[in-house]
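Here, each number is a calculation from the coordinates, and none is a lab measurement. Note that the structure is a prediction, hence the values are computed from the model and not measured. Here the Cβ is made from the backbone with ideal geometry for all residues, glycine too, and neighbour counts use every protein chain on show.
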Amino acid sequence: MFDINLFGLFGQLLVGLINGSFYALLSLGLAIIFGLLKIINFAQGALYMLGAFIAFLALEYLGINYWAALIIVPITVGLVGIMMERFLIRPIANEDHLYSLLLTFGLALIIQGAFTHMFGSSGLSYAIPEELKGGNRLPFMYLPNYRAWIIVASVLVCFGTWYMIEKTKLGAYLRAGTENPQLMQAFGINVPLIVTLTFGFGVALAGFAGVMAAPVYSVSPDMGSNILIVVFAIVVIGGMGSIGGSILTGLGMGVVEGLTKYFYPEASTTVIFLVMVIVLLLKPAGLFGKEA
Amino acid sequence: MKNLNKTIVSSMVAGIMAASLSTAAVAESDGKVKLGILADMGGVYADICGRGCVTAAEMAIEDFGGKALGQPIELVTADSQLKPDIASSIARQWVEADGVDAIGGLVSSAVSGAVSKVNLNAKKLTMISGSASNTFTTKSCNPFNVHWTYNVVALANGTVKPMVQAGKKKWFFITADYSFGHALEGVASKVINENGGEVVGSIRAPLGTTDFSSYVLQAQASGADVVALANAGNDTVNALKTATEFGLTEMMDVAGLLVFTQNAQAMDPSVAGGMRLTTGFYWDMDDKARDWSQRFQERHGSIPSMIHAGVYSATTHYLKSVEASGTEEAEVVIKKMKATKPEDFFSRNAELRADGRMVHDMLSVEIKKAGERKDKNDIYKVIKVIPGNEAFSPMLPQCNFS
Amino acid sequence: MNNLKLNIFLLALALLAPAVLYPVFLAKVLCFALFACAFNLLLGFVGLLSFGHAAFLGTGGYITGYLMINSGLTPEIAILLGTLAGAALGAIFGKLAVKREGIYFAMVTLALAQLVFFIYLQAPFTNGEDGMQGVPRGHAFGALDLSDNLVMYYFVLAIFVFGYWLINRTVHSPFGQILKAIRDNEDRATSLGYDVNRYKWIAFVISAALAALAGSTKTLVFQLASLTDVHWHMSGEVILMTLVGGVGTIFGPVLGAGFIVTMQNYLSGGELGNYIHIIMGVVFVVCVLSFRSGIVGQLIKFKRNNFS
């Protein structure tokens, strides 16, 4: 009996890690936008939903398959983000952070409302790509290929992004441009452009997560609002603005949630907030954040 | 200043008197039939009972000739947002201030319960078409409740019983963690135990869970013959999708206990094909149903769910009874409704029992595989008709309001 | 004097309103107005954005509802106990949260409120998603029959006026001056020798208690307490109300609450029902982009620019 339970536990840990991959992708986007631009983007969940819908529509009406969508959709969603930043967020850039939160919250309501209106609320289904169908029997569980792909792909994208921002010259410009805009402007670097592009990139990650999610979750207008507040909590736990922290916390919280689903499923949507309270009380700047 | 105070006080008194007069006037019968439809316009059940429920009620009124008791029938509609507090406040305003005589539509048990409480106080009819819980004709029954279409008992008897009898003895539940899920699990467990089966485990998943993989793994480890999904809407679609992905469907049967046509359409036929379920209505069941569904589809844009059909049927029966009894007073009309047998394309061998339960033939259907479908609306194969008295449980003596 | 006249006029308006409008609707507006005012005490006068105020609204509602159903207490006692329960919860929240600032303050309150939500979701006495239904209104002070909507309305109005007066008093008291000093420059307040966290905490408890008072009253009006009141959307809604009306103005939240409740009421019926979320979103966006000082804030500006 005991070894069956242990196997069960392994299965839960792995499944938790898969969910954590989504959390990592989404919270990474939020962390970049907050860490570099100090914008609290509450529309991240709606843009994730938008990504899934664009993938669905592209397949349905334009015949664009999953692999192409992985490239095209993040770019499209990124462009939407760029428009948002340029025309809506920039005018209030100098106001309190609170206002960017409220503005993006409003945008999220609009996007979600519009999709509910157009596509109903029942959800649409997106098939798993042929190449990734089937799965492998591990000693403790059956692992579908697509789920394995989720872990691989998102870990690659997350750590690639982390490397780019923290270790390369491009990343250095970016950090400098957002930390000390006047100075960089004086050096002849177009800071507003950097800001816009960074926002676009952070949002594109949400679009990417949306495409990844489409085949496993039902594509529905409320998929973003359900996940948003959890992802937000993850960013706070990791330390707002800590790029690496958000990735690790995302994966870690997926595992914590997975364990909760095993021992006390009713609390699975709440456990993250419990962790958040504890972390904020003990380490106010989050697990990986720098104390101010 | 003194003058000002005087004016304020006198206008206050006048205001209060006017207000008390205006509220007092409403409770009386006004000889006009006014119907309220409360639906979910933008939430998770919007496709199942949203605008479609309004359309169905409009059709019923038009088909009835648009007039009752010699006056035009009025229809008001609102969005419950699936929240009991919103529903309760709308219902209260309707029956207390706006002269609404009966409230229909009503999806989600929480909403129906809240409205039923308001209507009992105001002595107005509650015509539930969308909710599944059997509480409205058992634990919280009252003389003004009318429950159309289906309930959890019919679902359990229709879907679970034949499977247990066919030798599927061990069951595992993935249950939506709210009253509807609990009720469905409870009723289904009872059916399983009575027929010699056993429940080997159950999991309560929060409402609106997106990822069911953890629960599917636990179901897999349980060694059950059947995994029952005691949830609805997107939860069912998501759970089934994940079950297939993790190979659960190859090891065990998966039974969706409540599946609406819209959900069945959203499921991948290669996944859902062959699954049996219970429904109160299927658009393609016969000519009468097809005729009405055709008309509905032309106006609404998609095929009707059993709830849409139920709203039409309940509204029609209500209007007939109003006309026959010559008044819209609820206490009189409900007697008439219970005394006459409802009959239309939806109600087969039907009667409205004294406890408010509308008993009619239910259908056991199988979801068609991709190869069997002519088009996207061709989703069910009717396996058998379940007579009403087998599907629904007998009336409780304390709920006999004859 | 000017303000007094205005207040008397508004009170007269409130007293007369049931002649034209449905009293239960008016009572709803008043409950939310009180809730928004309580919230604004923190945001507008201490500069703290709580993202968890729904927890207090809901606690007041559930406790009062439970007492009305099970204890046979008169409504005013049940409301008082509901309010005290909210204040107690606020004391705990406040202790944990006031040490944090800005977005972290918002996040701590949100997380705590989510835990409270979970407790109410699981606790059997709340009936989970069904809500606590059929709460009797009872007889206030053992004499006034609240089941009459009009009596109920005037009862709610009395409670609202009390709450509004209390907030007004708090803001204009020496205590309120210190709060504003903290809002404008916390370091300076500290260096003047004020125990800043203690002041913030007291303000938090008052705000929580008044929010709970609003929740308790609302439960009586609708005879129902539900998860909607504890959900984080409610915490978001009260921000919207305050923002629309005008942050940091005393009357703004009342107007904002009236506007939002009326809009929801109007949109929930009729053809526009499908667009309710879109319209709410547009209101948010428009407010943030061009109305940051809210209706009352704009009016004050307008008056200042044109009449003085």
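Some points to look at:
- Charged neighbours of C:V98, selected by a Cβ distance under 15 Å, balance to +3 (K, R count +1; D, E count -1).
- Ellipsoid semi-axes for the stretch C:154-308, based on the Cα gyration tensor and the rule √(5λ), read 30, 22, 16 Å when sorted largest first.
- Peptides A:233-244, C:144-155, C:173-184 ordered by packing proxy, namely the average of other Cβ atoms within 10 Å per residue, highest first: A:233-244, C:144-155, C:173-184.
- Amide H contacts under 5 Å for B:G256, placed H, 5+ residues apart: B:L229
- Residue-wise HN-Hα coupling along the stretch A:52-58, computed from phi with Karplus coefficients 6.51, -1.76, 1.60 (Hz; x: Gly, Pro): 5, 5, 5, 4, 4, 5, 5
- Backbone geometry of the stretch A:172-182 corresponds, through the Karplus equation with coefficients 6.51, -1.76 and 1.60 at θ = phi - 60°, to 3J(HN,Hα) couplings of 5, 4, 4, 5, 5, x, 8, 7, 9, x, 4 Hz, x marking Gly and Pro.
- Per-selection Kirkwood Rh - chain B (Cα, Å, 1 d.p.): 22.0
- Pairs from B:K320/C:K28; A:K167/A:K283; B:K139/B:K335 whose Cα-Cα separation, in the structure shown, is over 28 Å: B:K320/C:K28
- Over the C-alpha trace of chain C, radius of gyration and Dmax come out as 19.0, 59 angstrom.
- Principal-axis tilt of helix A:243-263 within chain A, Cα atoms, nearest 10 degrees: 30
- Rounded Å value of the spacing that divides the Cα centres of the stretch C:15-90 and the stretch A:220-268: 32
- Cross-link reach list, lysines versus B:K169, counting only Cα pairs under 23 Å and skipping chain neighbours closer than eight places: B:K161, B:K190, B:K384
- Peptide-level mean, for B:91-100, of C-beta atoms on other protein chains within 10 Å: 3
- For the stretch A:2-223, the fraction of C-alpha pairs farther apart than 32 angstrom is 25 percent.
- Inter-chain Cβ neighbour count for B:239-245, averaged per residue, equals 4 (cutoff 10 Å, partner chain atoms only).
- Against chain A, whose longest principal axis comes from its Cα atoms, helix A:66-84 is set at around 40 degrees.
- Local electrostatic count at B:H182 - Lys and Arg +1, Asp and Glu -1, tallied over other residues with Cβ under 15 Å: -3
- Using every pair of separate Cα atoms, the Kirkwood estimate puts the hydrodynamic radius of the protein assembly as shown at 29.8 angstrom.
- Rounded to 10°, Cα long-axis angle of helix B:306-325 versus longest principal axis of chain B: 40
- Average beta carbon contacts from partner chains per residue of C:147-153, 10 Å cutoff: 3
- Across the stretch B:166-173, coupling constants 3J(HN,Hα) worked out from phi with the 6.51/-1.76/1.60 Karplus curve, θ = phi - 60°, read 7, x, 7, 8, 9, 10, 10, 10 Hz, and Gly and Pro carry x.
- Packing order of peptides A:178-185, C:16-23, highest average first: C:16-23, A:178-185 (average count of other Cβ atoms within 10 Å over each peptide's residues).
- For the residue pairs A:K133/B:K369; B:K124/B:K381; B:K83/B:K241; A:K38/C:K303; C:K5/C:K180, the C-alpha atoms sit more than 30 angstrom apart in B:K124/B:K381; A:K38/C:K303.
- Close amide H partners of A:G120, meaning residues 5 or more places away or on another chain with modelled amide H under 5 Å apart, do not exist here.
- The stretch A:121-151 and the stretch B:91-170 have their alpha-carbon centroids 39 Å apart.
- Calculated [θ] (222 nm, deg cm²/dmol) that DSSP helices of n ≥ 4 give over the protein assembly as shown, each run adding -39,500 (n - 2.57): -20000 deg cm²/dmol
- Amide H contacts of B:I73 (H built 1.01 Å from N, under 5 Å, at least 5 apart or other chain): B:K67, B:A68
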